[in-house]
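Working notes for the structure below.
The values are calculated or read from the model by the stated rules, or taken from the named source; none is laboratory data. Since the structure is predicted, the reported quantities are computational estimates derived from the model, not experimental observations. All Cβ positions, even for glycine, are placed from backbone atoms using ideal geometry, and neighbour counts span all protein chains on display. Protein only, heavy atoms only, side chains kept; ligands, DNA and RNA dropped before computing areas. Shrake-Rupley method; radii C 1.70, N 1.55, O 1.52, S 1.80 Å.
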Amino acid sequence: MTHLVNHWIGGRTVEGASGRHGPVTDPATGQVTTRVAFASAEEVDAAVAAAREAYATWGQSSLARRTEILFRFRALLDAHRDEIAALITAEHGKVHSDALGEVARGLEIVDLACGITVQLKGELSTQVAGRVDVAAIRQPLGVVAGITPFNFPAMVPMWMFPIAIACGNTFVLKPSEKDPSAANRLAELFAEAGLPDGVFNVVHGDKAAVDRLLEHPDVKAVSFVGSTPIARHIHATASAHGKRVQALGGAKNHMLVLPDADLDAAADAAVSAAYGSAGERCMAISAVVAVGAVGDELVRKIRERAEKIRIGPGNDPASEMGPLITRAHRDKVASYVENAAAEGCEVVLDGTGHTVEGHEDGHWIGISLLDRVPVTAKAYQDEIFGPVLCVLRAGTYEEGVALINASPFGNGTAIFTRDGGAARRFQLEAEAGMVGVNVPIPVPVGYHSFGGWKDSLFGDHHIYGNDGTRFYTRGKVVTTRWPDPADAPAGVDLGFPRNH
């Protein structure tokens, strides 16, 4: 009998009672290692009720107390980063160094939450009229929820709950059912840091749990990261139920390489950005746009580097890329490569036949590189979410930018050039929420916000940074008029001289 991952509600483990569960697989072996409980609507209600009860006191708690607990949580997270990375590798499959990097990026947002006192400062205007002052303050929302994807089972939740909780909210997390254990471990460490029961809750499950969170009247805001179709559904459904929503969707991130670029640096960047974490990143570079005559040499350099990537189990220190999350996802990724030639692509590398000795049942796929990809090819149009890189050709800078801006996605993009003027134009002309200049994956540091444009974001707020604080609080303006103490009623002596 495999281990069962249960819910975390009200500061303790709560066994799933719905009778429904799902498998959790080791992607390197293909074997089911764990089961995860799927919450019913009633179990989601229990988590929301625990959060609502906790909010009555947590929302009124001092900033000093909140940040004290967050500092202790940060110390515990730092001490246990190897353990959390191992959980990620066991269930997601990414290599240990990638998993450690994920934890480190999550820690950045915990750092930001530890300093939330600065972000929550209000504004004051005095004497806007005779004896009238106006103050603007920010207050928490109440119970908020996060729905997070499989590709970053620790980092993406940490993009949400530390800031939400630091602002005075309580939180219900519904992580991916494919790799659920990291979320429970984070909850345990937060409790160990002294977080009161019910402030942070974890419910596992599928669409039934998600739908209940979207419609629950006590959930005031929903944060989501995932594919564009689901992000659109989350935004429409939660908004229809009166909730604040930030829903981050899919991507097709382009890297524009100009003729003056350092091609070795560009090739290094393309390989790491396209194939790191097996391409299962919303910020992966999945399309390189080569401008002018540099395309052939750039493809040759990318191929040379890609062929050297060592693929194997994530817990093997020699591995540089691990398997994909599930067999079904592996087969879907492979289908784009298998159909590429028929759609007009030149298949430079085909990784669909790759296996790993001793782990033949794992969800393996090798490196694939497609050149001269037409914009009509499915491999270009869809977010593949795997180690497949498309190279497109453009005659000019203007043609390349037009191609990028024609994409329905606008998550991130990058330019590689030695020309500062070209880079400056690209920053202003690229229709994407995040732009890199000689930086292939321009994920902002924690104190700037992460988010895309167009079909990559639904809602008004990006995630973490200043936008995160604004999303998890609401503004209130207080206008105050006090009479002068000298005008106190007769018989009341406040020690002020009388004016009349």
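Sorted into 10 angstrom bins from 0, the C-alpha pair distances of region 379-500 split as 10, 28, 22, 10, 7, 7, 8, 6, 2 percent.
For the chain, the longest principal axis of the C-alpha atoms and the axis of helix 228-240 are separated by about 20°. Annotation for residue 339 and residue 20: the two label points, set 7 Å from Cα along the Cα-Cβ direction, are 3.0 nm apart. Each Lys and Arg contributes +1 and each Asp and Glu -1, all at the Cβ; summed about the Cα centre of region 420-487, the dipole is approximately 100 debye.
Computed over protein heavy atoms with a 1.4 Å probe, the accessible surface of region 79-224 works out to 30 Å² per residue. By DSSP, the beta bridges lying fully in the chain are antiparallel in about 40 percent of cases. Annotation: amide H of residue 147 within the under-5 Å range of 174, 223, 224, 225, sequence separation 5 or more or interchain, hydrogens built in the peptide plane. Each residue of region 136-145 was assigned a 3J(HN,Hα) from its phi angle through the Karplus curve 6.51 cos²θ - 1.76 cosθ + 1.60 (θ = phi - 60°); the sequence is 10, 10, 10, 10, x, 8, x, 8, 10, 10 Hz, with glycine and proline shown as x. By accessible area, using a 1.4 Å probe on protein heavy atoms only, region 1-122 has 54% of its surface on carbon and sulfur. Just want the answer: with Cβ charges of +1 for Lys and Arg and -1 for Asp and Glu, which residue in 176, 239, 253 is farthest toward the dipole's positive end in the chain? Towards the positive end, the residue furthest out is 239. Taking the square roots of five times each eigenvalue of the Cα gyration tensor of region 98-220, the equivalent ellipsoid has semi-axes of 33, 18, 12 Å, listed largest first. Charged side chains reduced to their Cβ positions (Lys and Arg at +1, Asp and Glu at -1) give region 163-211 a dipole of some 100 debye around its Cα centre.
Here's how it looks for residue 286: its modeled amide H is under 5 Å from those of 253, which are all 5 or more places away or on a different chain.
For an R0 of 51 angstrom, estimate the FRET efficiency from the Cβ-Cβ distance between residue 82 and residue 375 and round to the nearest 0.05. Efficiency for this residue pair is about 0.70. For region 236-324, what class follows from the C-alpha gyration tensor (a ≥ b ≥ c being the square roots of its eigenvalues): rounded when a/c is under 1.5, otherwise prolate if a/b is larger than b/c, else oblate? It is oblate, given that a/c is not under 1.5 and a/b is not larger than b/c. The packing ranking, built from the mean of other Cβ atoms within 10 Å per residue, places the peptides 332-339, 56-63, 372-379 in the order 332-339, 372-379, 56-63, highest first. Accessible surface for region 272-425, divided over its residues, is 40 Å² per residue with a 1.4 Å probe.
Can you compute the FRET efficiency between residue 439 and residue 132 using 1/(1 + (r/R0)^6), with r the Cβ-Cβ distance and R0 = 56 Å? Round to the nearest 0.05. So the FRET efficiency works out to roughly 0.70.
Think of the chain as having a plus end and a minus end, set by charges on the Cβ of Lys, Arg, Asp and Glu; of 312, 4, 445, 445 sits farthest toward the positive end of this dipole. Taking 0.36 nm per residue of separation and subtracting the Cα-Cα distance, full extension of the segment from residue 63 to residue 111 would add 15.8 nm. In degrees, nearest 10, range 0 to 90: what is the angle between the Cα axis of helix 81-92 and the longest Cα principal axis of the chain? Computed tilt is about 50 degrees.
Ligands, DNA and RNA left out, the 1.4 Å accessible surface of region 262-373 is 45% carbon and sulfur atoms. A simple charge model with +1 on the Cβ of Lys and Arg, -1 on the Cβ of Asp and Glu and nothing else charged puts the dipole of the chain at about 1360 debye relative to its Cα centre. Relative contact order of region 212-358, taken over Cα pairs closer than 8 Å and 6 or more residues apart, is 16 percent.
Taking 0.36 nm per residue of sequence separation and removing the Cα-Cα distance, the residue 431/residue 215 pair yields an extension gain of 74.5 nm. Quick one: plug the Kirkwood hydrodynamic radius of region 278-435 (C-alpha pairs) into Stokes-Einstein at 4 °C, 1.567 mPa s, and report D in µm²/s. For these conditions, the coefficient is 78 µm²/s. Considering the options 77, 106, 67, tell which one lies farthest towards the positive end of the dipole of region 44-134, charges being +1 on Lys and Arg and -1 on Asp and Glu at the Cβ, about the Cα centre. Sorting the options by dipole projection puts first 67.
For the chain, the direction-averaged projected area of the alpha-carbon convex hull comes to 28.5 nm².
Taking amide H as placed 1.01 Å from N in the peptide plane, residue 439 has its amide H under 5 Å from the amide H of 415, each at least 5 places away in sequence or on another chain. Between the Cα long axis of helix 41-58 and the first principal axis of the chain there is an angle of about 50°, rounded to the nearest 10. Note on residue 347 and residue 320: with the Förster distance fixed at 25 Å, the Cβ-Cβ geometry gives a FRET efficiency of about 0.65.
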